[in-house]
Structures are given as structure tokens and as C-alpha cells.
């Protein structure tokens, strides 16, 4: 009897370990470790310092937030390609507010959240309640944000607001991770404020996707919206919430980006939506919906940026190589997903 | 509903004609065109002036806003042909057309210039460059098509790969140099042939339209792509291979992109990788949507799409005329797209039909009694 139970448990455990979410998560973490080891081997000791890792975080804090929002939408079966331009719009709106209208940091944060919320609300309503293809809606959102950024201000400028500059240059020290320079002085490792925000978003979304009702509903709706509907889940509301969260993440990510660069420009975050989608896909989120993990997305961003760093340090620093590498990686992971999906369908039959 | 239609048919009154007109797919683009024409007529009648002015080469050519519209809409119309087919068969859109135009243009310049970025004479005949450019573009189209058809990735995500990488690949083909062709005969295809007052792209676009009209008339392409778009599995059961059809539509779009890219580089005799055909994918999708074609695939009307392309160019030129910043134009167009897709959304359509029935129902009752 006891043997039976234990074997039963064992098979159950095996089954859990081999779900798509876990398999893709393992691939992602594996890819990240391989990348980082490659970077250490090929590019010398720069990458062994903890600060090198924290610099990747500093540079990609906004991408982490954007990708998390993107993952939520993709898990629920949609997509949002407007996030990059919303980031640019947030930067420009906040910069104009701080410099030309004499606003303070707090109101600029509210503006950022408001813009994100507005995009999330409108796009979510159009996608969920009017049943328009998410790609078309968010493509229009992308172009709307692009146009609005130029209408607000057409040229790039740096923000001179003292309060904001203080916030921008705040460095949060990380204990026990510092290093000694050649003279033997201790240099503490640091992260920017944006990284803390990003980590907060990652943890909040990870917890809510795993343990809250709404979070589980995203998976159910993305996996099969019809059966989710039959189970009594409000499919439309769930899709609406997914886009709302993504819009909100775009607002937060936009402000994090703004804190990192400290300027407003129509060309900010160009192609960020592509990086966010690529990170989500590399992190094991399936385009077809229902499969994905925020932790995977986090590692997806790290893998992507490590690759970019490797490409840049190999001397191929022209901008086009980065784009081609990102596209190639996206292509490979899409194919892997497609193969996994085909295998799964075969098993079903 | 049927009784109402019957009464309309029997009476064949003014209302019936209007009703049939509204139901025609060409109604939306034509109505949009009329609105734009009226707006321009009221704002500034000189918009419609066409004059015969000497060009920079000294021979008389037609000039005026209308000519500019018809000229600049050529690429858009050519792309709309391919995009309509892709939309119909795969139920998604190709967003990489702008980037692939950059690749196609880059290939043309690479073949014509060789390794020299400022050649005295062209290194190869133009026709060779054009053919190579068509082959390369068709290959990129096939790449998208394979991802969509065989790996079953959503079209817009599959084409996102080339959307990002395309302009970089284009720059890489020419080592990030900007070759310039000084031979004037290369510019004939994008500007004017000496002695002919009508811009050449208009003829190229017309040729493409004639070709696609013949193809749709004499082959099963229309039927097959529509059936694949409406229901891939049942068309497979009827002996149509949905994967091949999807692939073919993407290759056709690739060829359209090659022609458009060729015109684009010929206009300037050079290329700017980050600017050439920027945001054109939005315009093309808008043209298809404006033509009343369902963006989720299935039935399509090619004439309406092409007409849609000209309407979009009309809108762009109108906005330009009123000194709207070129980057800000996308915001206005986005609003137009949203209005169009909201109006064509199944949910809204259902509500509108219900509303219409509610309004017309009592009248139909009266009409029946009268008959």
C-alpha cells in the first residue's frame, strides 16, 4: 500500500517536473549560465566581478519591468507591441513636466503611471471587450505613442531638475559584494533605484501569477479560453486585466528607463518591445499562451543582455550586429517552441 | 430580415440603392476618399491644380498634389496587393515589409555598385539587379512564410524577426556605406522617363495590378487563399495544402516588396537604411483594413485594398500639406486605424445591425402593410 502511494507520488512528481513551463525555464536558466561562463572565458575577468553583473541589472532594469508585463499578456494569449513607444512617451512627458512646467518628482511618477494605465485601459478594452486582434490594437498604440511623443516635444534634451537628478544618481550599495581595486581600497557594489523597482515588480508578479486567483486565471485563459469560460472564469475580464497590467508595467518601466537615462527623446527605447518579446520568449513564455514564468522572463532578460555584451565586446559594436543577434536568438527560440508544441500535439494523439 | 430585403428589392427605391451601396465593400474607401476630397476642396481648392511644369531635366512633366499622391501611392498599392493575399490566407499581417524594402533596395545598389560606393558607371545591367533583388526578396518572404506555414508561428510575431533585423541586414549588405548611383538612367524607374509627363512608378503599379488581376482571374489563387483563411483544416480535407498556399502568398508579398524597394531606391538613386520606407507597414495594413477586408483572414477584395492604398496616400499628403510634422502623422493614422478596427469588430457590427434592425423594423412593418 505504502509502496503504491510512493510510486504514485513519484510518477506525479515526474509529470510535474516535465511540464512545458518547467522545461522551458530550465532551458532558459541553462542558457543564461552558459552565456555567462562563455563571457567569463572569452572576455576575461571583467565579468567575474559582481559589479559587472549589477551593471547588467542597472542597464536592463526597465527592460525587466517591460518584459514582465509582456509575459503576463503573452501568458493570457495576447501580445502588446506598444510598450517600447509608451516608454518613450513616458520619458518625454515626464521630462517636459519636470523641466518646462516646474513639476516635482512625485507628480512626474503619477504621470508615468497614468500614461501606462491609460494605454492599458484602452488597449485592454479594445482587445477584451470588442474582440479585436491584440496585435492590431497595440500596433496602433505603438504608432499613437510614437506620434504623441513627437507632438509633445520633437527634440532630445536632458532634465535639469535637481530633485530628479538626486534620485537618478542615487546608488544603493549591495553589502558583501564589493571588490578591492589595485590599491587595496574597498569599492562597494551598487545598484540603481530602478533595479529595486524592477525586482519588486518581478517578485510581485511572480507571487501573484503563482498563488492568486487572477494569476491562475491568466494561465487558464491563455491555455484554452473556451474551457476557461466553461469553468466559470470571466475570460474577457481576465484578458482586460492582462493588458492593464502590461500597460501599468509599461508606465513603471518607462519611468525606470527615464531614471536611468535622465532625458526625453523621441528615439528612446526604440525597439524595446522587440527586446521585451524576445526576453519573454527566451524566458520560456509560449506565444500561444498558457505557458510561462516570470522567473524565466527575468533570466531571459539577463541572457539577452549578456549576449549583447558579448557581441559588443567582440568588437562587433556596430548597432546592426546587436539587432541581428537578437533577431537570430528570437528565431531560434521560436523554432524550439514550435518543435515542443508539435511534439506535445503528437503525444496527445 | 429576409422580408425586409424582399421589400427593398421589390421597391428598388432610392433607399434600396443606398442600402446596396453601403453593403458594397468599395463603399468604405470611396466614402473616405470623398470625405478627404471635400475637406481639401473647402480648405484649399488649389490642392487639385495640375500643371505642366518643366522638370529639372528641362522637359515638361505633370506636377501638383494629385500627381504626387498617385505617384507616391504606387509602392503602397503594390504592397497592398501582396498584403491582401497574406492577410487573406494566414489571418495575420506581415510587419516586416518596411525592413525588407530596405534589404531589397540595398541589394539593388550592391549589385549595381559592386564594392565601389561612388561608381562612375553601373557595374551590372539594371535588369540583372532587379532580378537578383526579386530573388532575394522572395527568399526573405519565403523565410517568413516557412515560419508561419510550417512552424505555425503567428504571422506578426514571425515577421517581427525581420522587422528588427531587416534594416541591420540592409546596412550590412553594403558595409554600412551609402552608395550613390550617378547614372541618370537608373532614376527613370522612380521619377520620369524623358519625354513622358507621367511618373514611371504609376506605370509600374498599373502593370502590377494588371498582372495580379490576370492571376486572380485565371488561377485558383483567390479561391484557395480565401478557403485557407476561412478554415485551414477543412480546406486541407478538400485537397488544398494550406501550408503551400500560405507560403505562396508570402513569396508573392516578397516579390511585391522587391518591386516597391526598387522604385524606392530609384527615386533617390541612393538609400538611407533607417529612413527608407519607414512605417510603411502601418500604411499597408491600414490600406487593407480600409478596403473593408477582415484582418483575421478569409474573403478579400483586391480592388478595395488598392483603392485603400490611394486613400491613405491622399490622407498623408493632406496632412503634409497642413504642415503636420512627419513623425506626428503616425498618431493621426493610429486614430484612423482604431476607428476602423472598432467599426469592423464583430462585436460592434452585431450591435450596429441590432440597432439598425430596431430602427428599420417598424418601417418594414409599415411597408409590408402597404404592399
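Restricting attention to the stretch A:116-145, and to residues there that are more than 14 Å from chain B (Cβ to nearest Cβ) and closer than 30 Å to residue A:162 by Cα, which single residue is surrounded by the most Cβ atoms within 10 Å (Cβ to Cβ)?
Kept after step one, since they are more than 14 Å from chain B (Cβ to nearest Cβ), are these residues of the stretch A:116-145: A:116-117, A:120.
Cutting the leftovers down to closer than 30 Å to residue A:162 by Cα gives us A:116-117.
On the way: A:116: 28, A:117: 15.
Here the answer is A:116.
Listed residues B:252, B:285, B:230, B:280; which is within 21 Å of the chain's Cα centre (by Cα), in contact (Cβ under 8 Å) with a residue 40 or more places away in the chain and surrounded by fewer than 22 Cβ atoms within 10 Å (Cβ to Cβ)? Spell out the reasoning first.
Details: B:252 fails: surrounded by fewer than 22 Cβ atoms within 10 Å (Cβ to Cβ); B:285 fails: surrounded by fewer than 22 Cβ atoms within 10 Å (Cβ to Cβ); B:230 fails: within 21 Å of the chain's Cα centre (by Cα).
Result: B:280 is the single residue among B:252, B:285, B:230, B:280 that is within 21 Å of the chain's Cα centre (by Cα), in contact (Cβ under 8 Å) with a residue 40 or more places away in the chain and surrounded by fewer than 22 Cβ atoms within 10 Å (Cβ to Cβ).
A quick yes/no check of all residues on (1) without any contact (Cβ under 8 Å) to a residue 60 or more places away in the chain; (2) in contact with a helix residue (DSSP H, G or I) (Cβ under 6 Å, 6 or more places away or on another chain); (3) on the phi > 0 side of the Ramachandran plot; (4) more than 9 Å from chain B (Cβ to nearest Cβ):
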site	(1), (2), (3), (4)
A:270	no, no, no, yes
A:284	no, yes, yes, yes
A:288	no, no, no, no
A:292	no, yes, yes, yes
A:333	yes, yes, no, yes
A:338	yes, no, no, no
A:341	yes, no, no, no
A:345	yes, no, no, yes
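In the stretch B:291-318, what residues are modelled with pLDDT under 85 and either closer than 28 Å to residue A:270 by Cβ or not in a loop (DSSP other than H, G, I, E, B) (or both)?
The one that is modelled with pLDDT under 85 and either closer than 28 Å to residue A:270 by Cβ or not in a loop (DSSP other than H, G, I, E, B) (or both): B:295.
So how many residues does the stretch B:163-200 have that are part of a helix (DSSP H, G or I) and more than 14 Å from every other protein chain (Cβ to nearest Cβ)?
Selection size over the stretch B:163-200: 7.
Determine which member of the set A:156, A:133 is over 30 Å from residue B:154 (Cα atoms) and either in contact with a helix residue (DSSP H, G or I) (Cβ under 7 Å, 6 or more places away or on another chain) or modelled with pLDDT under 85 (or both). Before the answer, list the steps.
Numbers: A:133 fails: over 30 Å from residue B:154 (Cα atoms).
None of the others qualify; the one that does is A:156.
Can you name every residue in the stretch A:70-127 that is at pLDDT 90 or above, under 18 Å from the mean Cα position of the chain (by Cα) and over 20 Å from residue A:272 (Cβ atoms)?
A:76
Please find, within the stretch A:89-107, the residue that is nearest to the other protein chains (Cβ to nearest Cβ) out of those that are within 27 Å of residue A:240 (Cα to Cα) and surrounded by fewer than 24 Cβ atoms within 10 Å (Cβ to Cβ).
Just the residues of the stretch A:89-107 that are within 27 Å of residue A:240 (Cα to Cα), to begin with: A:89-94, A:107.
Next, only the ones that are surrounded by fewer than 24 Cβ atoms within 10 Å (Cβ to Cβ) stay: A:93, A:107.
Details: A:93: 14, A:107: 24 Å.
My answer is A:93.
Going through B:344, B:326, B:330, B:305 one at a time, which residue ends up being more than 14 Å from chain A (Cβ to nearest Cβ) and either within 13 Å of residue B:28 (Cβ to Cβ) or more than 16 Å from the chain's Cα centre (by Cα) (or both)?
Working: B:344 fails: more than 14 Å from chain A (Cβ to nearest Cβ); B:326 fails: more than 14 Å from chain A (Cβ to nearest Cβ); B:330 fails: more than 14 Å from chain A (Cβ to nearest Cβ).
From the options B:344, B:326, B:330, B:305, the qualifying one is B:305.
Would you kindly identify the helices (runs of 4 or more DSSP H) lying entirely within the stretch B:1-114 that contain at least 3 residues that are modelled with pLDDT of 80 or more? If you could, list the steps in order and put the result at the bottom.
Values: elements: B:2-11, B:14-23, B:27-43, B:65-90, B:97-113.
Passing ranges, in order: B:27-43, B:65-90, B:97-113.
Inspect the stretch B:129-149 for any residue being facing another protein chain (nearest Cβ under 9 Å), crowded, with 22+ Cβ neighbours inside 10 Å, under 21 Å from the mean Cα position of the chain (by Cα) and free of Cβ contacts under 8 Å to residues at least 40 places away in the same chain and give the result as yes or no.
So far as the stretch B:129-149 goes, no, none of its residues is facing another protein chain (nearest Cβ under 9 Å), crowded, with 22+ Cβ neighbours inside 10 Å, under 21 Å from the mean Cα position of the chain (by Cα) and free of Cβ contacts under 8 Å to residues at least 40 places away in the same chain.
Would you be able to tell me the number of residues in the stretch B:90-108 that are under 13 Å from residue B:141 (Cβ atoms) and away from chain A (no Cβ under 14 Å)?
Total satisfying the criteria: 2.
Can you confirm whether residue A:201 is modelled with pLDDT of 85 or more and surrounded by 20 or more Cβ atoms within 10 Å (Cβ to Cβ)? Walk me through it before giving the result.
On the way: modelled with pLDDT of 85 or more: yes; surrounded by 20 or more Cβ atoms within 10 Å (Cβ to Cβ): yes.
Here the answer is yes, as residue A:201 does meet what is asked.
The values are calculated or read from the model by the stated rules, or taken from the named source; none is laboratory data. Not measured: the values here are computed from a predicted model. Virtual Cβ from ideal backbone geometry, glycine too; neighbours counted across all protein chains shown.
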